[in-house]
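**Student:** Take a look at this one; I'll ask things after.
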Protein chains: 2
Amino acid sequence: MTGRRKILISNDDGIHAKGLAALVEIAKEFGDVLVVAPHMPRSGMSMAITVDSPIRLNKFEKSAHFESYSCTGTPVDCVKIAFDKLLDKDPDLILSGINHGSNSSVSVHYSGTMGAIIEGCIHDVPSIGFSLLDYHPDADFSQVKEFARKIILETLKNGLPRGTCLNVNVPKGNPKGIAICRQGNGRWVEEFDQRTDPHNENYYWVTGYYQNMDNGSKDTDNHVLTEGFVSVVPVKIDITNHEQLEILKSWNLW
Amino acid sequence: MTGRRKILISNDDGIHAKGLAALVEIAKEFGDVLVVAPHMPRSGMSMAITVDSPIRLNKFEKSAHFESYSCTGTPVDCVKIAFDKLLDKDPDLILSGINHGSNSSVSVHYSGTMGAIIEGCIHDVPSIGFSLLDYHPDADFSQVKEFARKIILETLKNGLPRGTCLNVNVPKGNPKGIAICRQGNGRWVEEFDQRTDPHNENYYWVTGYYQNMDNGSKDTDNHVLTEGFVSVVPVKIDITNHEQLEILKSWNLW
């Protein structure tokens, strides 16, 4: 019993990712850190779990107030196995990232970074996902530090309501500040690049571009990111459309 | 141009699943059917997309008003590639399932069946996922037929608001009727079964049991299923906690 805070960290870019190391450095200021991260990049894994094969867990590093494990599973598997096999009590905070690329708008659904965070939220622990909108292989994650610190500090101070976590995206460059906003509305289009293999069979790579469908709304994550602000979206586990319940009750289903 | 409705179907139990065949039979009553389903079971895939390897698409069957393809990707990849490569206009309806097992409560987040449906909803097409709470390998999906028909008919008649789809779960046996409800609150616990391989290394299988955390609420999918009713939950793409926005704006982040 040290009385120090315990912070669980995962990501979807894998145990060797530069963004993970940057997040660990920030988290160490707030408590003891346990990392459980995929052994290789698992981007786009959403909340996938590994049901058709067993997973492995290997100790990666250990030093004062820090321990890390690599896991052959998905980001959600990483969080689940930390709770079941590595933590003797719930952590005080769960962080994920810093993701290499955006997880704003509808990308929250496909994101392994946010998958880990929604899983943390299901476990009733305050959980925050961080992503940086910089796709350069050697992206500079240090610009996230100041904003992540503020958001972590306020989350520890104020708490989050049960069933709500945070999706934080940081624009490239020097952010102007932090903006609270809703998930933007949009979708990915023209998503597959068709190629032909040496045996004359087709195969497809996922690609495409994001189509913003908010037409100028100023209260979305996409908008504030374009304006140079860090976006903070409160994300819910309960994805029921409660307003629709009464409407459905008027359908002829009985 | 036939004027007939076009219905896209996917699932996460794979192209050979009995539940898929049952859903195709129901859908054929409503229009021309295009199936794009994973070439093997992809349960627990959530909204995962395949970014680190290319995917394949192979024609599986073709008959009057029916065409099916197997795809090496996830359920979400199946829907995405159907829109990009197989459909010349948006379908009138997207269905997924019938899943072999429950996708109620928090399982909606891990479900590949519902992943395909949320993807359909992102494409602005009325989308409905069906799951049967029967884990027997030879489960009888015919009991779903009557209820699926009613729900499809009412969905086509009334439409669904943009950004909302339906998560339908059917109890085993003879359902008493249909109930409109919210997503139950709960989580999976004790999730990993530890084994030791012949080389004395540990590995883990995901397992565990569902813990209901609603304490007797009668308006949840879990409750109505226990009571023998088909549950219909309207599910939103926008997972922002809108009530939390104003609270976050009062934090000391500036």
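Quick note: the coordinates plus some simple rules give every number you see, no bench work behind them. These numbers come from a predicted model, not from an experiment. Positions of Cβ are backbone-derived with ideal geometry, glycine not excepted, and every protein chain shown enters the neighbour counts.
**Student:** A:Arg4 versus A:Leu156, label points 7 Å from Cα toward the beta carbon: distance in nm?
**Tutor:** Between A:Arg4 and A:Leu156, the simple spin-label model gives 1.2 nm.
**Student:** With springs only between Cα atoms under 10 Å, which of B:Asp52, B:Asp84, B:Asp219 fluctuates most in a Gaussian network model of chain B?
**Tutor:** B:Asp52
**Student:** Counting other beta carbons within 10 Å of each Cβ, put B:Cys78, B:Cys71 in order, fewest first.
**Tutor:** Final ranking by Cβ density, sparse to dense: B:Cys71, B:Cys78.
**Student:** Return the Rg/Rh ratio of chain B with Cα-based radii and a Kirkwood Rh.
**Tutor:** Here Rg/Rh amounts to 1.00.
**Student:** Please work out the ratio of the alpha-carbon Rg of region A:1-102 to 2.2 N^0.38 Å and round it to two decimals.
**Tutor:** 1.00
**Student:** From the Cα gyration tensor of region A:93-236, with a ≥ b ≥ c the square roots of its eigenvalues, which class applies: rounded if a/c is under 1.5, or else prolate if a/b is larger than b/c, or else oblate?
**Tutor:** Taking the square roots of the gyration eigenvalues as a ≥ b ≥ c, region A:93-236 is prolate.
**Student:** For region B:178-254 and region A:1-74, what is the centre-to-centre distance using only Cα atoms, to the nearest Å?
**Tutor:** 22 Å
**Student:** When the Cα centres of region A:131-170 and region B:113-159 are compared, how far apart do they sit, in Å?
**Tutor:** Here the answer is 37 Å between Cα centres.
**Student:** How high is the relative contact order of region B:29-124, given as a whole-number percent (alpha carbon pairs under 8 Å, six or more residues apart)?
**Tutor:** That works out to 35 percent.
**Student:** Could I ask something else about it? Take each uninterrupted DSSP H stretch in chain B, measure its Cα extent along the helix axis, and return the ones at 20 Å or beyond whose mean Kyte-Doolittle hydropathy is at least 0.5.
**Tutor:** TM-like helix candidates: nothing returned.
**Student:** Still on this model: Using 0.36 nm per residue of separation minus the Cα-Cα distance, give me the extension gain between A:Glu243 and A:Lys172 in nm, one decimal.
**Tutor:** Result for the pair: 21.9 nm of gain on full extension.
**Student:** Same structure, new question: Could you work out which residue, out of B:Met114, B:Met213, B:Met45, moves most in a Gaussian network model of chain B, that is, has the largest mean-square fluctuation with Cα springs under 10 Å?
**Tutor:** Top of the fluctuation ranking is B:Met213.
**Student:** While we're here: What relative contact order, as a whole-number percentage, does chain B give when Cα pairs under 8 Å and 6 or more residues apart are counted?
**Tutor:** With pairs under 8 Å counted, the relative contact order is 17 percent.
**Student:** Counting other C-beta atoms within 10 Å, which of B:Phe66, B:Phe130, B:Phe141 has the fewest, and how do the rest follow?
**Tutor:** Least to most surrounded, the residues fall as B:Phe66, B:Phe141, B:Phe130.
**Student:** For each pair in A:Lys80/B:Lys145; B:Lys89/B:Lys236; A:Lys157/B:Lys218; A:Lys59/B:Lys249; B:Lys18/B:Lys80; B:Lys18/B:Lys85, compute the distance between the two Cα atoms and list the pairs where it is over 31 Å.
**Tutor:** From A:Lys80/B:Lys145; B:Lys89/B:Lys236; A:Lys157/B:Lys218; A:Lys59/B:Lys249; B:Lys18/B:Lys80; B:Lys18/B:Lys85, over 31 Å: A:Lys80/B:Lys145; A:Lys157/B:Lys218; A:Lys59/B:Lys249.
**Student:** Let me check I have the definition right: for region B:67-160, take the eigenvalues of the Cα gyration tensor, multiply each by 5, take square roots. What are those semi-axes in whole Å, largest first?
**Tutor:** Whole-Å semi-axes of the equivalent ellipsoid: 22, 17, 13.
**Student:** Further question on the same structure: Can you give the relative contact order of region A:41-189 as a percent, counting alpha carbon pairs under 8 Å and 6+ residues apart?
**Tutor:** Rounded, it is 24 percent for region A:41-189.
**Student:** Let me ask you something else. If I stretch the segment between A:Thr226 and A:Asp197 completely, what's the gain in nm (0.36 nm per residue apart, minus their alpha carbon distance), one decimal?
**Tutor:** Fully extending the segment from A:Thr226 to A:Asp197 adds 6.5 nm.
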